[in-house]
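Notes to accompany the following structure.
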Amino acid sequence: MPAVTCGYCSHRNDGDLARCANCGAPLAAPAPKSGPAADPGPSEAPPSPDHRYPALGGAVARIGHDAESAARFGGAALRHGADAFRTVGAVEHGVASGLRTLTERKRYSPRHWLMAVAGLAVLLACGVFVAGRFSPPVAPVATTSSARLPEPLRAATCRPYHAEPGERCVLAAGDPLLRGLSAGRDLTFHVRTPTPDTLAATVERWRASARMIVADGDVFAAVGPSATVHYADTGTGVVLETGAFDGDRSARSFLERSGLLDQDSS
């Protein structure tokens with residue numbers, strides 16, 4: 001088998017080799033022994049190395065080899081990059097599926113929702129308890145006629161009075177306010193808040209029948225027949241009428257002890 005000389009590095013290669021054993025450059029096929037020599041065309045002309053610079057040919061061959069290796073490594077890198085992108089896409093899909101699962105109501109049973117509602121109710125109750133415990137006390141609003149009376153008279157037990165608008169109140173005989181005034185009996189009195197015209201007419205009637213007028217201004221107080229107490233406050237609109245005391249002096253003492261006269265500004 002004829003030896004083939006490398007056209008790049010001028011190395012003689014024995015055997016049927018496709019590339020040079022020294023530099024790796026492709027080897028040209030040997031020329032046929034018989035037959036007319038064909039005039040090669042421009043595209044078929046073998047490379048015409050410059051035998052005067054064998055090192056240059058080797059460098060060119062090495063550059064070509066390195067380019068082929070780089071191409072192979074580049075293709076592998078591209079394949080690995082594509083695999084990485086597919087992995088990231090799979091992870092994103094899994095995360096999105098998990099979020100959708102968490103946000104779907106059908107994932108939770110009715111028991112979970114009942115427990116959540118019960119927890120919210122407990123938190124609300126605790127908030128109300130803490131707010132009521134540490135908030136400042138609110139002064140009660142007088143919604144009834146008896147609530148507008150002085151403090152000593154609020155010890156009486158009051159109920160709505162059906163005979164006329166207002167309340168019927170009973171002050172126990174053992175109350176300190178009645179000591180020595182009611183001969184050991186409970187004191188019954190009626191309290192109401194009439195309209196201004198009715199209040200004015202009531203005061204006129206009491207003034208005309210009074211046995212003793214104690215105050216006659218914004219607050220009207222008098223001792224009426226049978227040692228009863230008549231009281232009207234034009235400022236609050238409260239009208240009060242008691243049962244009989246032991247005498248006129250006891251009725252007057254009741255007015256002074258109860259604090260009704262303290263509201264007189266005349």
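Structure values in brief
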read-out	value
Per residue accessible area in Å² of region 180-266, where ligands, DNA and RNA are left out and the probe is 1.4 Å	46
Chain lengthening between Arg19 and Leu114 when straightened (0.36 nm per residue, less Cα-Cα)	26.0 nm
Amide H partners (placed H, <5 Å) of Gly224, local residues excluded	Arg211, Val229, His230
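The values are calculated or read from the model by the stated rules, or taken from the named source; none is laboratory data. Everything quoted here is computed from the prediction, not taken from an experiment. Note: areas computed on protein heavy atoms with side chains; ligands, DNA, RNA excluded. Shrake-Rupley method; radii C 1.70, N 1.55, O 1.52, S 1.80 Å.
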